Amino acid sequence: MAAEEVLQTVDHYKTEIERLTKELTETTHEKIQAAEYGLVVLEEKLTLKQQYDELEAEYDSLKQELEQLKEGRGKRRGETQS
């Protein structure tokens, strides 16, 4: 009878080990997927930040150019009125 109990206990532990191994594999897979998704999001963020910086630089350049054109126009009007 004791040997039968030991075999049942061993079977129980084997089943539990298989269940835990499967659960660990699934959890590890989910974590890897989450990490990969996080990397994709980070790459997109960096791309968008770069595009934003480029657009901001272009905006600043155009704004400066507009101010220079306004100043030049104002000077020309002043010269023509003299």
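The values are calculated or read from the model by the stated rules, or taken from the named source; none is laboratory data. Please read these numbers as outputs of a predicted model, since none were measured by experiment. When the accessible area is computed, the model is the full protein with side chains, heavy atoms only, and any ligands, DNA or RNA have been set aside. Shrake-Rupley method; radii C 1.70, N 1.55, O 1.52, S 1.80 Å.
Is one or more of the residues making up the range 61-69 modelled with pLDDT under 95, assigned to a helix (DSSP H, G or I) and open to solvent by 100 Å² or more (accessible area, probe 1.4 Å)?
yes
Which condition number does SER82 fail, the rest of (1) open to solvent by less than 100 Å² (accessible area, probe 1.4 Å); (2) modelled with pLDDT under 95; (3) not acidic (Asp, Glu) being met?
(1)
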